[in-house]
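Enquirer: Here's a structure for you.
The values are calculated or read from the model by the stated rules, or taken from the named source; none is laboratory data. Quick caveat: nothing in here was measured; it's all calculated off a predicted structure. With ideal geometry, Cβ positions are generated from the backbone for all residues, glycine too; neighbour counts draw on all protein chains shown.
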Amino acid sequence: MERIKIDRSKCIGCLGCVTACIVSHDSFDAKNRVVIDTKHAYAPIFCRHCDEPECVYTCMTGAMSKDRKTGFVNYNKEHCASCYMCIMGCPYGVLKSDDKTHKEIMKCDMCQHREDGPICIEKCPMQAITLEEVI
Amino acid sequence: MKYVIIGASAAGISGVKRIREIDPNAEIILISKDEYIYSRCILHHYISGKRTLDQLNFVSPNFIEEYNINWLKGEEVIKVDSDQKFVVTNSNKKISFDKLLIASGSHVNIPQSLKILKAATNVVGLHNLDDCEKIMYLAKYANNIVIIGAGLIGIDAISGLLNLEDKNLTIIERCSHLLPLQLDTESSSTYENAFAQRGVKQYYNAIIKKIGITKSKHIIEIILSNGELLNCDLLIIASGVRPNVAFLEGSGIEVDYFGLVIDEYGQTSCKDIYGAGDVSGRRPIWSVAVKEGIIAGSNMAGVRKHMTDFFASKSTMNFFDIPTLSLGNTLLGSDEYEIEVEKDQDGNYKKIIHKDGKIYGAILQGDLSYSGVLTQLIALKIDVSRIKKSLFKINYADFFHQTKDFEFDYEEET
Amino acid sequence: MIQSTCNICSLACNMDFYVEDNEITKVVPSKNYPVNKGFSCIKGLMLGKQQTVYKTSPLPKLRDEYGEMVELSWEGMYDYLAAELLRIKEQHGGDSIAGISTGQMPLEEMALFSHVMRNFLRGHVDGNTRLCMATSVVAYKQSFGFDAPPYTLNDIELSDTIFLIGANPIVAHPILWDRIRQNKNKKLIVIDPRRSETAEKADFHYAIKGKSDIFLFYGLANLLIERDAIDKNYIEEHTENFEEFKNLVKDYTSEVVCEKTGLSKNDLDNMVDLIANGENVSFWWTMGINQSYEGVRAAQSIINLALMTGNIGRAGTGPNSITGQSNAMGSRAFSNTAGLYGGGDYDNPSRRKAVCDALEITDDQLIDKPTLPYNAIIEKINAGEIKALWVVSTNPRHSWANNETFQEAIKKLELFIVQDLYDDTDTSIEAGVFLPVVSGLKKTGTYINTERRLSAMRPVLKKEEHEKSDYEVFLGVGKALGMGNLLDLWETPKDAFELMKKCSKNMPCDITGVTYEALEGTPGIQWPFKEGMILEADERRLFEDDQYYTPSKKAKFMFSTPAENPLPTSKEFPYILNTGRDTVGQWHTQIRSREITLAEDSYPKEAYIYINPKLAKKFNIEDNEKFEVYSINGHKSQFAAKYSESVTENQLYAPIHYIETNTLTPSVYDPFSKEPSFKTTPVSISKI
């Protein structure tokens, strides 16, 4: 499967990836974030599409599911009950509900609707995030 | 290889999935009392009419075909022969197995003190689809609905029933506030007020003294220890669950006070027989059932995998669109622990209980964004004293680490 | 859906706002808008958040005798203000009244504000644009005969050799950087004392010493002349003063330039090669050039390079100033501050007549002199000459150079009015009168961006009870002042726009062909656009006809012998403090950008400063440790150390987003533009 590799040392916190994510999904909220640590170093926090996804395990409606073919963890907002167990479950604090209705979980979908893949990678001016093939 | 799985809920289905993923050629037989695959945790949305039966399904609609499962639905296993390796169902089918997964779940527990209720016609739990149907049927004719227990299930039940018009809803709870295991008085009062606004009567620190029941076994009233009399024509019991282990009697499979005994690989006292989920009577929450199902399924299909200590003291709730998260031990007192609280004008409430750099419990109400990190800090007992920022602002940046496959973990610092 | 303009940075992207029940459901970067073409930075995308996170009561407030702010009705406030302003004018004259305005509001509002403040009250109005593009204004005006940035943004996609000078678009203008990336066949040269984010991504980075820019460009000019790599024909036909320029730059030999800039001979030769070999060479600068004690001449040293190599008036070329704020150009052309509405000097009789005719006023009703510049306003407040100050949508307590001087000034005022979206800015908390106004989400008006493009701001949301736009407040005060029929032609922003069109007639910035309707939901229109013209292209550059706006129609080589640095480093203050923007999610003094909740975890809450680890270690300062920086201006600030190799050992870089930074900058200005010298302050440091 493909995963987004993060090179923290290159990140400048410009939020180009966050902006790109919102634009790509015609949304008003982002499915990724960039935060600083105590030493003010940037950390892009992006969904890993984990091999053992806690968000899938905690999902009681089946809205979160791991696609066996692509390896991506997909989220079906129509099926979601907005119980927020996935937000609580994600060990890396990637998830939140949308800013307006609080019904939808902001969950990376790897821009599967785009032919060219995740737009965040395209828009990063520093190449701090890249798409890599992993087993 | 022939696998038999008992139970088609979180644990059973996860086990089935895992077995199929490892062994494409296995024969998999799924036996369940349930005739549908549905999520127990969202039954209240069925009662309220928010979701149809199909929308309770937590797997894809063609799951059974896709995973090539032989599903015996509406069948109850009544006996397990661990020596000869077969099970017997209530329709007297005898089904042999190479490996068996017991994920038979649990049932509503009616406390010993309320034994009288067992025979009553208008009392019901909230645990499966039949319960729902019964509640929905009885609620049509009931004006005074009483729920015993203000835990998660009791609150689910009442929020499911709020949509019905002209019903008197009453909740009776032994403890001092709503969701006593999860919330403190501050966060529970948010919901108590919301319920009160919608006309729900709530009795806390309340003990039932007497239940008035007719000769035809119909409950008509409840008298509390303070003498107050409540009319009641539908009583919903939400005071805990017990594992479904009765059918294991005489099978030689070890069952203790809590329920089915399993080891760290999900195996019972008998070789080739595994267990997962609520049937163990230990940690009756969805994510634990799923993970136990995966581990049992894995080991059954020959891929060794063991359980880590699943952190089960966690829950989220979302009633009246007010989300709340409860983690770890939220009842610890300020005499021994440091308690930090943050509130804002938008109704967001956050509380973190910590001591010597470790976080023991937390409640977040309102904004739950990115809070999964807290779960992990509590579960893994991670020392946060080196992080010089507000505990409410802690995020994964301070633990950031990528594995060689670019997953995250908490193993080392960068 | 309503298309409107992002009123933050000078690109002034357009955004599509989706609205239901007077609530914004979504903001999408406009696809048809040539500046941002369906993308934006986080600030634009989050514009819908304005006044939702930080809310201010819509009623005006007056400080009472106990120092408390009490609410008044708008009518009551207008009357109070009118009485006070008239009293002060009566007692001390019009020169005792001043305003400081902004590059963030529509030109119609700027125009009306100055009509009230300057034409009627006979006071002074300068803008925070003095802090960012005043230098370029003067430079262009002297060189071209008019303040006329010649480029269209598309030129950066068409250029084969791009020089970015004192500019860091990855952080300051992300959309411009996006467009540079679209240009696949270019060489990118960054000239910056700091290894900025953009420098990191350039083909060549030349880290010159702070403010050695003018030496570099004179040196390059000299080398180009020596190599005969100049466009003699262009120089001959379309420029003036070249021989004198040539004569001056011959002293700037490679030896001199290498010594001044810290570059090698090889570096200089390489730059000369790049300029000489480029087909379409473009030079883009921002604050690294403008904010200097010698900004105008430095900007002109760049303009000179473009002129002498014929890199102007063609696709992909130009000496191009990228400005800071969304309506910097609207303020330059239509604010009646440094020049008349539509351009021209106050002592130019024919321009005065044209403007009076357009506004239907008499000559004595039109102010007769340019405004005092920002620095002089503050100085005259401190000297007790200016008694009333009206600050509009800017935060000088934070952003003014040597900002403690502004704090002192506040105390001396008889009347201190602050008009802003928020009552809690560093400046508005000090106000005697606070006038709350709505954000651009509820306003109508016109913006002119860095490439001379007019675009429409249209109300996305309806105003609620008591809410006022800046325009309405100016009009309300004007009426209360008794301006009477002087306001008859100014009832709405659209009226004001029509007046400005008339004022622009036959000027370089002629916009007589632009209508409100033609700006709505469209790609916008660049000036000039005269009545009767047909808009054939959405990307238009100036000087394709080689006709400049000087009397001779020729461009002028402008230059001087470089000035002595008025504040060199010394034994006592051995390090150089550089300042600027630091993250995309932060804007200026953070007042507006603090509402971008998506960004708030991506930058520190407290001030920090970039320091080379070697320098830090000399003082035993750990990464992230708070330490003190002492400025030659007599003030000190505390910052957390941010270790970085992007600054050299004798240099520190402090983001302007924190008030601590401009506590340290000096009261030193360019002699022509009066723009503060923000970038090279001598400082010393010490561990706490």
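Enquirer: Can you spot a residue in region B:388-410 that is surrounded by fewer than 22 Cβ atoms within 10 Å (Cβ to Cβ) and in contact with a Leu (Cβ under 8 Å, 6 or more places away or on another chain)?
Expert: Yes, there is a match, as at least one residue in region B:388-410 is surrounded by fewer than 22 Cβ atoms within 10 Å (Cβ to Cβ) and in contact with a Leu (Cβ under 8 Å, 6 or more places away or on another chain).
Enquirer: Which condition number does A:Ala20 fail, the rest of (1) at the interface with another protein chain (Cβ under 9 Å from one of its Cβ atoms); (2) touching a Lys or Arg at 6+ places or on another chain (Cβ under 6 Å); (3) more than 23 Å from A:Glu122 (Cβ to Cβ); (4) at pLDDT 95 or above being met?
Expert: (3)
Enquirer: Let me ask something additional. Out of the residues in region B:328-353 that are crowded, with 19+ Cβ neighbours inside 10 Å and modelled with pLDDT under 95, state the one that is farthest from the other protein chains (Cβ to nearest Cβ).
Expert: Within region B:328-353, the match that is farthest from the other protein chains (Cβ to nearest Cβ) is B:Thr330.
Enquirer: Exactly one of these conditions fails for B:Ser369: (1) away from chain A (no Cβ under 12 Å); (2) in contact with a Ser or Thr (Cβ under 8 Å, 6 or more places away or on another chain); (3) hydroxyl-bearing (Ser, Thr, Tyr). Give me its number.
Expert: Checking B:Ser369 against (1) away from chain A (no Cβ under 12 Å); (2) in contact with a Ser or Thr (Cβ under 8 Å, 6 or more places away or on another chain); (3) hydroxyl-bearing (Ser, Thr, Tyr), the one that fails is (1).
Enquirer: Scan C:Asn247, C:Asn241 and give me the residue that is among the polar types (S, T, N, Q) and on the phi > 0 side of the Ramachandran plot.
Expert: Values: C:Asn247 fails: on the phi > 0 side of the Ramachandran plot.
Step by step, each of C:Asn247, C:Asn241 is checked, and only C:Asn241 is among the polar types (S, T, N, Q) and on the phi > 0 side of the Ramachandran plot.
Enquirer: Based on what the data block shows, is A:His49 more than 7 Å from chain B (Cβ to nearest Cβ), in contact (Cβ under 8 Å) with a residue 12 or more places away in the chain and on the phi > 0 side of the Ramachandran plot? Spell out how you get there, then give the answer.
Expert: Details: more than 7 Å from chain B (Cβ to nearest Cβ): yes; in contact (Cβ under 8 Å) with a residue 12 or more places away in the chain: yes; on the phi > 0 side of the Ramachandran plot: yes.
Here the answer is yes, as A:His49 does meet what is asked.
Enquirer: Being within 24 Å of A:Ala81 (Cα to Cα) and surrounded by 14 or more Cβ atoms within 10 Å (Cβ to Cβ) narrows it down to one of B:Leu230, B:Leu179, B:Leu224, so name that one. Walk me through it before giving the result.
Expert: Values: B:Leu230 fails: within 24 Å of A:Ala81 (Cα to Cα); B:Leu224 fails: within 24 Å of A:Ala81 (Cα to Cα).
Criteria check complete, one pass: B:Leu179.
Enquirer: Still on this model: Quick one: which of C:Val460, C:Val473, C:Val514 is of a type outside the set (Ser, Thr, Tyr) and part of a helix (DSSP H, G or I)?
Expert: Values: C:Val460 fails: part of a helix (DSSP H, G or I); C:Val514 fails: part of a helix (DSSP H, G or I).
It is C:Val473.
Enquirer: Shifting gears a bit: So is B:Ile262 modelled with pLDDT of 95 or more, assigned to a loop (DSSP other than H, G, I, E, B) and buried (at least 23 other Cβ atoms within 10 Å of the Cβ) or not? Full working, then the answer.
Expert: Values: modelled with pLDDT of 95 or more: yes; assigned to a loop (DSSP other than H, G, I, E, B): yes; buried (at least 23 other Cβ atoms within 10 Å of the Cβ): yes.
When the stated conditions are applied, B:Ile262 passes them.
Enquirer: Kindly provide the set of residues from region C:14-27 that are within 9 Å of chain A (Cβ to nearest Cβ) and surrounded by 20 or more Cβ atoms within 10 Å (Cβ to Cβ), ordered by number.
Expert: C:Ile24, C:Val27, listed by residue number.
Enquirer: Find the residue count for region C:528-560, including only residues that are closer than 15 Å to C:Pro34 by Cα and touching an Asp or Glu at 6+ places or on another chain (Cβ under 7 Å).
Expert: Within region C:528-560, the subset closer than 15 Å to C:Pro34 by Cα is C:535-541.
Those still in the list that are touching an Asp or Glu at 6+ places or on another chain (Cβ under 7 Å) too: C:541.
Here the count works out to 1.
Enquirer: To continue, here is another question. Residue check: is C:Val70 of a type outside the set (D, E, K, R), under 24 Å from C:Lys468 (Cα atoms) and without any contact (Cβ under 8 Å) to a residue 12 or more places away in the chain? Lay out the reasoning, then the answer.
Expert: Values: of a type outside the set (D, E, K, R): yes; under 24 Å from C:Lys468 (Cα atoms): yes; without any contact (Cβ under 8 Å) to a residue 12 or more places away in the chain: yes.
Yes, satisfied.
Yes or no, residue by residue, for (1) in contact (Cβ under 8 Å) with a residue 40 or more places away in the chain; (2) hydrophobic (A, V, I, L, M, F, W, C); (3) not in a helix (DSSP H, G or I):
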| residue | (1), (2), (3) |
| --- | --- |
| B:Leu30 | yes, yes, yes |
| B:Tyr36 | yes, no, yes |
| B:Cys41 | yes, yes, no |
| B:Thr52 | no, no, yes |
| B:Leu72 | yes, yes, yes |
| B:Asp83 | yes, no, yes |
| B:Val87 | yes, yes, yes |
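Enquirer: Is there any pair linking a residue in region B:129-155 that is among the aliphatic types (A, V, I, L, M) to one that is part of a helix (DSSP H, G or I), with Cβ under 7 Å and at least six apart or on different chains, and which?
Expert: So the pair list comes out as B:Ile135/B:Ile47; B:Met136/B:Ile47; B:Ala139/B:Leu161; B:Ile145/B:Ala139; B:Ile145/B:Leu161; B:Ile147/B:Gly154; B:Ile147/B:Ala157; B:Ile147/B:Ile158.
Enquirer: Any chance region C:429-438 includes a residue that's hydrophobic (A, V, I, L, M, F, W, C) and without any contact (Cβ under 8 Å) to a residue 60 or more places away in the chain?
Expert: Going residue by residue through region C:429-438, those that are hydrophobic (A, V, I, L, M, F, W, C) are C:429, C:431, C:433-435, C:437-438.
This time we only want the ones that are without any contact (Cβ under 8 Å) to a residue 60 or more places away in the chain, so: C:429, C:437.
Checked region C:429-438: at least one residue is hydrophobic (A, V, I, L, M, F, W, C) and without any contact (Cβ under 8 Å) to a residue 60 or more places away in the chain.
Enquirer: Could you say whether any residue in region C:581-591 is out of contact with any Asp or Glu (no Cβ under 7 Å at 6 or more places or on another chain) and outside any loop (DSSP other than H, G, I, E, B)?
Expert: no
Enquirer: Now for a different question. Would you list the strands (runs of 3 or more DSSP E) that sit entirely within region B:298-414 and hold 2 or more residues that are more than 30 Å from B:Ala276 (Cα to Cα)? Give the steps one after another, and end with the answer.
Expert: Details: elements: B:314-319, B:322-328, B:338-343, B:349-355, B:358-365.
Here the list reads B:338-343, B:349-355, B:358-365.
One line per residue, one yes/no per condition, for (1) more than 30 Å from C:Pro523 (Cβ to Cβ); (2) surrounded by fewer than 24 Cβ atoms within 10 Å (Cβ to Cβ); (3) of a type in the set (D, E, K, R):
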{"residue": "C:Ile100", "(1), (2), (3)": "yes, no, no"}
{"residue": "C:Met105", "(1), (2), (3)": "no, no, no"}
{"residue": "C:Met117", "(1), (2), (3)": "yes, no, no"}
{"residue": "C:Leu121", "(1), (2), (3)": "yes, no, no"}
{"residue": "C:His124", "(1), (2), (3)": "yes, no, no"}
{"residue": "C:Arg130", "(1), (2), (3)": "yes, no, yes"}
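Enquirer: If you go through region B:354-370 one residue at a time, do you hit one that is among the acidic types (Asp, Glu), assigned by TED's automatic domain parsing to the domain that holds B:Ser326, within 23 Å of B:Asp309 (Cβ to Cβ) and in contact with a Gly (Cβ under 7 Å, 6 or more places away or on another chain)? Let's see the steps before the verdict.
Expert: If we filter region B:354-370 for residues that are among the acidic types (Asp, Glu), which is where we start, we get B:356, B:367.
Next, from what is left, pick out any that are assigned by TED's automatic domain parsing to the domain that holds B:Ser326: B:356, B:367.
Narrowing the set further to residues that are within 23 Å of B:Asp309 (Cβ to Cβ) leaves B:356.
After this cut, where a residue has to be in contact with a Gly (Cβ under 7 Å, 6 or more places away or on another chain) as well, the list is none.
Within region B:354-370, none of the residues are among the acidic types (Asp, Glu), assigned by TED's automatic domain parsing to the domain that holds B:Ser326, within 23 Å of B:Asp309 (Cβ to Cβ) and in contact with a Gly (Cβ under 7 Å, 6 or more places away or on another chain).
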